[in-house]
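J.: Got a structure for you, questions after.
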Amino acid sequence: MWRNLDLEVEPGEFVAILGPNGSGKSTLIKILVGQLSPTAGTVRIFGEDPRRARSTIGYLPQRRHFDASTRVRGVDVVRLGFDGHRLGIPLPWGRGAREARCAVAAVVERVGAAEYAHHPIGRLSGGEQQRLLIAQALVRRPRLLLLDEPLDSLDLPNQIAVAGLLKDLCTVDGVTVVMVAHDVNPILSYLDKVVYLAAGTGVSGRPEEVITSERLTALFGAPIDVLRASDGRLVVVGEPEAPAFHADRHAR
């Protein structure tokens, strides 16, 4: 767990929580969504305790994998975000049903998934599935979107595409996005702020303030190089953990 973490996120910002496995990234997301309480300190979401602010939060937990045989349509997965908390089967008629259909159709269109949303989700690519899961988290029009490693298992083009979508939600729709990421490089150019957790502490700020060789080397206790590409992009080299490997999810 970390100490002395001071983080303030402004409305409409795109923020990434970064750090090695075991540093508390997912724990921080669970505290923000109100699933866990901090042992010390104060957490406020739009001025309220996270548990009281849940109606303003859309949450996408660590990536779910759909078997190829899964026949549930993408739109039905999105619909679960609208009324999946209710008991029983949603009725296909009435004002509530029309409201749900309109909300689902609008958010599916917003994330660019209308072309394949009526297909079985098990037959879709990882990037297509992830867009529909983001739509599920957005369908009740939250002000804050919390995502736990939404780019995990996606190839680089899909990582960049999903990051671009999330940035667009911030700038166009005014949604605040806070996401856990394992590799900063594919998303770095989209971020307004980063939070690096390591060694029981953390630093936060604008990417150019936090992502420096000196600060990351001191934080991780290992040599980290931050290079600037010819187009001006920052590239982090020498992170302690290979970005594609999750030690807590793979058997040795």
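The values are calculated or read from the model by the stated rules, or taken from the named source; none is laboratory data. For clarity, every value in this text was computed on a predicted model and none was experimentally measured. Because the Cβ atoms are built from the backbone with ideal geometry, glycine has one as well, and the counts that use them run over all protein chains shown.
J.: Just for segment 168-181: of the residues that are within 21 Å of residue 155 (Cβ to Cβ) and not in a strand (DSSP E or B), which one is farthest from the chain's Cα centre (by Cα)?
T.: Applying the filter and picking the extreme gives 168.
J.: Another question about this same structure. Please determine whether any residue of segment 114-124 is touching a residue at least 24 places away in the same chain (Cβ under 8 Å), small (Gly, Ala, Ser) and in contact with a strand residue (DSSP E or B) (Cβ under 9 Å, 6 or more places away or on another chain).
T.: Kept after step one, since they are touching a residue at least 24 places away in the same chain (Cβ under 8 Å), are these residues of segment 114-124: 116-124.
Those still in the list that are small (Gly, Ala, Ser) too: 117, 122.
Remaining after also requiring in contact with a strand residue (DSSP E or B) (Cβ under 9 Å, 6 or more places away or on another chain): 117.
Yes: segment 114-124 contains one or more residues that are touching a residue at least 24 places away in the same chain (Cβ under 8 Å), small (Gly, Ala, Ser) and in contact with a strand residue (DSSP E or B) (Cβ under 9 Å, 6 or more places away or on another chain).
J.: Okay, moving on. How do the pairs read when you match residues in segment 19-37 that are closer than 20 Å to residue 210 by Cβ with residues anywhere that are crowded, with 21+ Cβ neighbours inside 10 Å and among the basic types (Lys, Arg), using Cβ under 8 Å and keeping only pairs 6 or more apart or on different chains?
T.: What qualifies is 19/25.
J.: Give me the residue from segment 140-164 that is touching a helix residue (DSSP H, G or I) at 6+ places or on another chain (Cβ under 7 Å) and more than 16 Å from residue 182 (Cα to Cα) and, out of that set, surrounded by the fewest Cβ atoms within 10 Å (Cβ to Cβ).
T.: Narrowing segment 140-164 to residues touching a helix residue (DSSP H, G or I) at 6+ places or on another chain (Cβ under 7 Å): 140, 142-146, 148, 150-151, 153-154, 158, 161-164.
From the residues that got through so far, the ones that are more than 16 Å from residue 182 (Cα to Cα) too are 140, 142-145, 161, 164.
Details: 140: 16, 142: 19, 143: 17, 144: 20, 145: 23, 161: 18, 164: 13.
Only one residue tops the list, namely 164.
J.: Right, next: So is residue 33 modelled with pLDDT of 90 or more and more than 15 Å from residue 204 (Cβ to Cβ) or not? Break it down into steps so the answer makes sense when it comes.
T.: Values: modelled with pLDDT of 90 or more: yes; more than 15 Å from residue 204 (Cβ to Cβ): yes.
It is true that residue 33 is modelled with pLDDT of 90 or more and more than 15 Å from residue 204 (Cβ to Cβ).
J.: Starting from residues that are among the hydroxyl-bearing types (Ser, Thr, Tyr) and not in a helix (DSSP H, G or I), keep the ones in segment 24-43 and report whichever is surrounded by the most Cβ atoms within 10 Å (Cβ to Cβ). Explain how you work it out, then say what you get.
T.: Initial filter on segment 24-43 (among the hydroxyl-bearing types (Ser, Thr, Tyr)): 26-27, 37, 39, 42.
After this cut, where a residue has to be not in a helix (DSSP H, G or I) as well, the list is 37, 39, 42.
On the way: 37: 11, 39: 8, 42: 6.
So, considering only residues that are among the hydroxyl-bearing types (Ser, Thr, Tyr) and not in a helix (DSSP H, G or I), the one surrounded by the most Cβ atoms within 10 Å (Cβ to Cβ) is 37.
J.: Another question about this same structure. Could we say that residue 184 is touching a strand residue (DSSP E or B) at 6+ places or on another chain (Cβ under 6 Å), in a loop (DSSP other than H, G, I, E, B) and either in contact (Cβ under 8 Å) with a residue 40 or more places away in the chain or farther than 26 Å from residue 110 by Cα (or both) here?
T.: Details: touching a strand residue (DSSP E or B) at 6+ places or on another chain (Cβ under 6 Å): yes; in a loop (DSSP other than H, G, I, E, B): yes; either in contact (Cβ under 8 Å) with a residue 40 or more places away in the chain or farther than 26 Å from residue 110 by Cα (or both): yes.
So residue 184 fits the description; yes.
J.: While we're here: Counting only residues that are buried (at least 17 other Cβ atoms within 10 Å of the Cβ) and among the polar types (S, T, N, Q), how many does segment 1-23 have?
T.: 1
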